[in-house]
Amino acid sequence: MHEQEKAPLAQAASPDLAASPYAVEMRDICKAWPGVVANDHVNLRVQRGEIHALVGENGAGKTTLMNILYGLVRPDSGEIYVNGERVHISGPRDAIRLHIGMVHQHFMLIPPLTVAENIVLGQEPGGPLAVYDRRRARELVLQLSARYGLPIDPDARIEKLSVGLQQRVEILKALYRAADILILDEPTGVLTPQETYELFDVLRALSRQGKTVIFITHKLREVLDLTDRVTVLRRGRNVGELVTRETNQAEIARLMVGREVLLRVEKRPARPGPVVLRVENLHASSDRGLEALQGVSFEVHAGEILGIAGVEGNGQSELVEVLSGMRRATAGRVTVTHASGEQIGKTYDITSMNAREVRLVGVAHIPEDRRGTGLVLSDTIENNAILGRERWPRFAWARFILRLGEIAHWARRLVREFDVRTPSTRLPVRALSGGNQQKIIVAREFAADPQLLIAAQPTRGVDIGAIEFIHRRLVEQRDAGKAILLVSAELDEIRSLSDRIAVMYEGRIVDIVTPEASEEELGLLMTGGRPSGASREEQAQATGDSGA
Amino acid sequence: MALQTAQPRSPTPPALETRSTAWLLWLRRVGSGLGRPLLALVLALIAGVVVIMITASGSLIDRFNAALLAYGYLFVGAFGNAANLSFSLVNVTPLIFTGLSVAIAYRARLFNIGAEGQFAAGTILAAIIGLKCSTWPGWLLVPLMIVAGALAGAVWGGIVGLLKAWRGAHEVVTTIMLNWIIFYVSDWLVSGPLQAPGQADQTSSMPPQTNLPKLSVLYNQTLGHFLPTISQPEQYIVDISFLFALAALVVYWFLMTRTTFGYETRVVGENPRAAQYAGISVKRNVVLVMALAGLFAGLGGTLQLMGQYPYEVIGQVFRNDTTGFDAIGVALLGRMTAIGIFLGALLFGGMRQGGSLMQLKANVPGDLVYIIEALVLFSIAVQFLPVIQQAIVKRFSAARRPTVVAALAGGVVDLDQEPTNGAEAPMMNDQPLPETDKAALADGQGQVQTPAQERQHQQNGEA
Amino acid sequence: MFWPIFLRVITSGDLWQASLQFAALLLLPALGGVISERSGVVNIAMEGMMLIGCYVGVVITLASHSVLVGLLAAIIAGGLLALVHGVVSIHLKADQIISGIAINVAALGLTNYLNIIQTGGQGIPSLASNLRLPMLSWGPLAQIPFLGQVLFQQNVVFYVTIVILIGLQFLLFRTNLGLRIRAVGEHPQAADTAGIAVRLIRYACVVASGLLSGLAGAFLALGVAGTFNSNMTAGRGFIALAAVVFGKYTPLGAAGACLIFGLGLALSVRLQDTGIDSNLLATLPYILTIIALIGLVGRTVAPAADGVPYEPGSAE
């Protein structure tokens, strides 16, 4: 009911707002965290009814700016105008009152509650002291979903929904609160291409209905596809306000990073040696007990990079965890064969080894979640430099007494060779930037001279400089004869680094293609289609299935 | 700091530990290691003054004097003379053991509320052995009792670890349950199977050959042959278990800072996911850590039983004993470091001792000590100091080296934005596009240098 | 020897009357624990809040010569102590377990300290019967064999407890406010972005836990014991904590747990004639809880954000 009660209010207010063409205007916003200036006199002007892109690299201050607009973060200084009026937003409640809604990058949904409960939460029919009216809530959600063409089951529990549907719930949640200004923070990162297209359709429809959309992203193609105007941030400052029609990808990219993005990595053709990693019919369960890997088989040769492409959540994380000894396989076999040039050494069955044993066999692992998995943030660089190798004779006598001098020496060597910017190796890793944190992991894993290197999302959330650095190191390792398994959600990264690309979909490798495969082809494979190596009929059927 | 340059053309090492950085790091360590507990203590003592003043009578000045007098007796009672100090050390010994027990568990981010129970378990098993084998010679019985008591504590703590590892049972709940189980078991034993003939709810004394010697007596018998002897050594009641406690502190320090066990425990505590990644078995570590925690506490109980009059277990003693809870304060106040735990135990043990003199002479109930203890816990939990510290550091040094200083103050920092060597480096990203980049832009093919490379060139050029 | 006595004890109304009384005494702080933990604040300080309730209840009753005033004072005292826990753990974002321990220690120290100052160590005399919380008289209902004694010869607080139990279960799972409380305990950021006052709800829930514990203290001191003794709660707050976990963080579950523990306590006193030691029997509730923890509720999931302070600015 809230939706209908509040919508007229907003409309009634609109005539005298015609004075300002801007739904949102933020002036001279400043926000500093301890040691970091997130927003440095940032200005943002969003016209009513437009889809406005807010772009910038990771850490450019986009999310901070939008969190300020939504009242989650208080600015140090600056002014905010909504529909031409100066406003003070001291919490999400103020933002909601101003008809601002936000879809966060990490969804703000409560997993054990139902869709309807999540949507009406905080504005339940009847007010806080009333008995929860389940039927009414259901009805309201169904009305809302019919009105905006966003079908959803109001009684489903959030934890059972796909990511795409969860995002839909988030949008409905904002619309239920009568949002006229909708902020979406990196909404496509977790979506399949199809889901992305659907989302764009929804957003265009909302825009046609007069809603204002602020769309945070760093994917330039999305900016060009969807938006009307663009504001570019770099390191917490404005560097451009553009009309989408009048600009192009290169210009935005240059503004974002201050120079051309280098996505093509210089590399020689691979000279693959013997098979190092052999995965046969691998099965494994996810944390939720679902079958995440359903018979995965592939091989990685010495001296090649095998890229695993796929939309996130199709079993890549579980695959990496099984290979690195962090998760038990339920069936199948994984072997690692040592190789030096064309010489084939001993073969180890690592299927049921734990992470320590796998590492001893010569497998290095750059985990996808560097802060959550790869590092102990509160500990020093020195201690993080031996994580997983602390019992190696080099670092410990009798596997028990730490050789502190050797560890300090080792850490300084890693820091030096991998250009980690830090004043001291005794500093907690927490104090470093994302790029430098990642370099510590990369250094640690490369420096152990592995046979096989598993790199999962190796450049996620790091700055361009570090990305290039890590890419170059990966190719160097390949040329030094290592076998490399690269898992990345960034298709560009996969295509520019890999010598072969295996595409994963729903726990299976659907195909292994060359990096010359077109983006369309890969996109189709990533959604379960099978364009190459299959007959036309199969192909049609497969695409049909995925669409259904 | 001998740096070996692996690559001949490598630039100046970026990880240059400058003198001032090292100093700041040291300052931070000392500041947080000493400053926070000290501030907590001062705040608690001030609040204690307020409590006394509220409940005392007379004018404001009288009340204030009463408070000062009370504190005076508290201090004198605790550390005022050698005899009082030796009484205090008797309290300090079990506090060190149980404090270590709490601290070890806390390193793995486990809250050991069960130190008292483990303490009791150790005491009881040692008592059983002491009473059942009372005819055995001391050289056999003493080590046997100590080992048995330590193991009993280890088992009682290890159960907590097992329940946590296997079933995910929260240690706060299970330790509390196990505490009460052992308290009742102990009461059953002293009123039944182990009851001393003709006595209510207590055991007989441990056989005399197991009583640990007093430090003063031991001194007279050994060093006293060469150095001045202590007269009337019997009045200094602290026994050699205090030396065991000091040894335990050293063992703890070594384990935690110098061994893979300490390293892995820290990883398990700080980031279990990283432990899994490193191949450290979280479950095994949790069981081991809790068993070790129990071992220290059990040892504490055993040594107290063997070291101090009346060398027996009395009914209901454990449930009314607060050592296990005080130990949490000791460990937190000591910030889990060996030296800190020693100082914390000295403080709490001393206050316990001084409290009785305070009650006797200044007419301020000894329970004031509990109130002070609670306030210490509050101030540690709240951590006023980091807030103040950050504000000060920010104000005075932000202008000069904002990133490093903020990092030292515990902030989250992007050091990339402000490398600390090479004055030109911070400006890099605000400079106009370098020529190479423009060229690269033009044809879209050329290899672009990273900032790191650019810096290398600049530095090489300068060199 | 054992079985005849056991059968006699287990079928006596006396046993079940005592069980229910013990259970109610445990249930009040347990309900406090449930509501606090549901909102995401760990509370292991029910023991201390109860103890303060005991002391204040007795002292104020004696001072005012009114058990009603004493009762109210006890409830408020518990609430105030809980407010301290709230400020420390919600506003100052301190470690909630340390804060809880501190409150327990403070309550023990403060009650002893004041008691000694006030009575000079003599101790507080027993309350006259008109200054105690009365048994409720149900007339003919109380005469029903067995059931009358068990259900209709109880202290007035017992019936209050039943009402609170049902009310709390309804509040948490059937009302909009309950939905909000659960949301705050599961995912405070989500609740905040949905426009819910996270801190306000947490404060309310923590204070409620103190009010309930204070009431339990009054029940113990003014209803059951009729006096104040040092540390008279004797670990009941901790058994209540066990009941919270055992009962899967729901009011009805906690009630079931308290019933079992109450029965254990009542049995431990009455089975002494069988030659079973009362001390050993007293371990029963704790052993049961551990067995339940590993068997029945090993997979009990605490509210996701339980014990995690909420920091509004931490949104990424």
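The values are calculated or read from the model by the stated rules, or taken from the named source; none is laboratory data. Here the structure is a predicted model, which means the values were calculated and not measured. Neighbour counts run over all protein chains shown; Cβ positions are idealised from the backbone, glycine included. The accessibility values were calculated without ligands, DNA or RNA, using every heavy atom of the protein model including side chains. Shrake-Rupley method; radii C 1.70, N 1.55, O 1.52, S 1.80 Å.
In region C:177-203, the qualifying residues are those that are without any contact (Cβ under 8 Å) to a residue 24 or more places away in the chain and within 27 Å of C:GLY53 (Cα to Cα), and the one that is most open to solvent (accessible area, probe 1.4 Å) is C:LEU200. Selection of region A:464-504 for residues being of a type in the set (A, V, I, L, M) and open to solvent by 20 Å² or more (accessible area, probe 1.4 Å) yields A:ILE464, A:ILE467, A:ALA480, A:ALA489, A:LEU491. Can you list residue pairs whose Cβ atoms sit under 7 Å apart, with the first residue in region B:99-115 being under 19 Å from B:PHE183 (Cβ atoms) and the second being part of a helix (DSSP H, G or I) and polar (S, T, N, Q)? Count only pairs 6 or more apart in sequence or on different chains. Final answer for the pair search is B:SER101/B:GLN118; B:ASN112/B:SER101; B:ASN112/B:THR175; B:ILE113/B:THR175; B:GLY114/B:THR175; B:GLY114/B:ASN179; B:ALA115/B:THR98; B:ALA115/B:SER101. Apart from one condition, A:GLY345 fits all of (1) in contact (Cβ under 8 Å) with a residue 24 or more places away in the chain; (2) away from every other protein chain (no Cβ under 14 Å); (3) in contact with a strand residue (DSSP E or B) (Cβ under 9 Å, 6 or more places away or on another chain); (4) open to solvent by 30 Å² or more (accessible area, probe 1.4 Å); the exception is (1). For region C:155-164, the criterion of being more than 14 Å from chain A (Cβ to nearest Cβ), touching a Ser or Thr at 6+ places or on another chain (Cβ under 9 Å) and open to solvent by 60 Å² or more (accessible area, probe 1.4 Å) is satisfied by no residue at all.
Which residues, taken from region A:149-164, are within 25 Å of C:GLN189 (Cβ to Cβ) and in contact (Cβ under 8 Å) with a residue 40 or more places away in the chain?
A:LEU150, A:PRO154, A:ASP155, A:ALA156, A:ARG157, A:ILE158, A:GLU159, A:LEU161, A:VAL163
Only one residue in A:ARG359, A:ARG413, A:ARG399 is facing chain B (nearest Cβ under 10 Å), assigned to a loop (DSSP other than H, G, I, E, B) and either within 30 Å of A:ARG278 (Cβ to Cβ) or open to solvent by 60 Å² or more (accessible area, probe 1.4 Å) (or both), so which one is that? I'd like the intermediate steps shown before the answer.
Working: A:ARG359 fails: assigned to a loop (DSSP other than H, G, I, E, B); A:ARG413 fails: assigned to a loop (DSSP other than H, G, I, E, B).
After applying the criteria, what remains is A:ARG399.
Among the residues of region A:127-144, those that are open to solvent by 70 Å² or more (accessible area, probe 1.4 Å) and either touching a residue at least 24 places away in the same chain (Cβ under 8 Å) or facing chain C (nearest Cβ under 7 Å) (or both) comprise A:LEU129, A:VAL131, A:GLN143. Out of the residues in region A:505-526 meeting the condition of being at pLDDT 85 or above and among the charged types (D, E, K, R), tell me which one is surrounded by the fewest Cβ atoms within 10 Å (Cβ to Cβ). The extreme case among them is A:GLU516.
Considering only region C:185-203, I want to know if a residue exists there that is in a helix (DSSP H, G or I), more than 24 Å from A:PRO111 (Cβ to Cβ) and away from chain A (no Cβ under 14 Å).
Pass one, region C:185-203, residues in a helix (DSSP H, G or I): C:185-186, C:188-193, C:198-203.
Filter once more, so that each one left must be more than 24 Å from A:PRO111 (Cβ to Cβ): C:203.
In the following step, the residues that additionally are away from chain A (no Cβ under 14 Å) were identified as C:203.
Scanning region C:185-203, I find at least one residue that is in a helix (DSSP H, G or I), more than 24 Å from A:PRO111 (Cβ to Cβ) and away from chain A (no Cβ under 14 Å), so the answer is yes.
Checking C:SER230, C:SER268 one by one, the residue that is crowded, with 17+ Cβ neighbours inside 10 Å and not charged (D, E, K, R) is C:SER268 and no other.
Residue count for region C:118-135 under the criterion of being aliphatic (A, V, I, L, M), open to solvent by less than 90 Å² (accessible area, probe 1.4 Å) and in contact with a strand residue (DSSP E or B) (Cβ under 8 Å, 6 or more places away or on another chain): the result is 1. Listed by position, the helices (runs of 4 or more DSSP H) inside region A:65-156 whose residues that are more than 25 Å from the chain's Cα centre (by Cα) and within 14 Å of A:LEU175 (Cα to Cα) number at least 3 are A:92-97, A:134-147.
A count restricted to region A:14-33 and to residues that are modelled with pLDDT under 70 and open to solvent by less than 50 Å² (accessible area, probe 1.4 Å) stands at 1.
For residues that are touching a Ser or Thr at 6+ places or on another chain (Cβ under 8 Å) and within 22 Å of C:ASN112 (Cβ to Cβ), scanning just region B:316-339, find the one that is nearest to the other protein chains (Cβ to nearest Cβ). Ranking the qualifying residues of region B:316-339, first place goes to B:ASP326.
When you look at C:LEU252, is it assigned to a helix (DSSP H, G or I), within 18 Å of C:LEU31 (Cα to Cα) and of a type outside the set (Asp, Glu), yes or no? It would help to see each step written out before you state the result.
Numbers: assigned to a helix (DSSP H, G or I): yes; within 18 Å of C:LEU31 (Cα to Cα): yes; of a type outside the set (Asp, Glu): yes.
The answer is yes for C:LEU252.
I need a count of the residues in region A:413-456 that are of a type in the set (D, E, K, R) and closer than 22 Å to B:GLU270 by Cβ. Can you show your working first?
Just the residues of region A:413-456 that are of a type in the set (D, E, K, R), to begin with: A:413, A:416-417, A:419, A:421, A:426, A:430, A:439, A:444-445, A:449.
If we keep only those that are closer than 22 Å to B:GLU270 by Cβ as well, we get A:426, A:430, A:439, A:444-445.
Count: 5.
Matching residues to (1) more than 27 Å from B:LEU178 (Cα to Cα); (2) more than 14 Å from chain A (Cβ to nearest Cβ); (3) open to solvent by 10 Å² or more (accessible area, probe 1.4 Å); (4) touching a Ser or Thr at 6+ places or on another chain (Cβ under 6 Å):
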{"residue": "B:GLN232", "(1), (2), (3), (4)": "yes, yes, yes, no"}
{"residue": "B:GLN235", "(1), (2), (3), (4)": "yes, yes, yes, no"}
{"residue": "B:LEU243", "(1), (2), (3), (4)": "yes, yes, yes, no"}
{"residue": "B:ARG258", "(1), (2), (3), (4)": "yes, no, yes, no"}
{"residue": "B:THR265", "(1), (2), (3), (4)": "no, no, no, no"}
{"residue": "B:ALA291", "(1), (2), (3), (4)": "no, yes, yes, no"}
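Selection within region A:427-439: residues that are over 19 Å from the mean Cα position of the chain (by Cα) and open to solvent by less than 10 Å² (accessible area, probe 1.4 Å). The member of this set that is farthest from the other protein chains (Cβ to nearest Cβ) is A:VAL429.
Remark: A:VAL279 matches the filter, which requires a residue to be more than 23 Å from A:ARG472 (Cβ to Cβ), buried (at least 19 other Cβ atoms within 10 Å of the Cβ) and among the β-branched types (Val, Ile, Thr).
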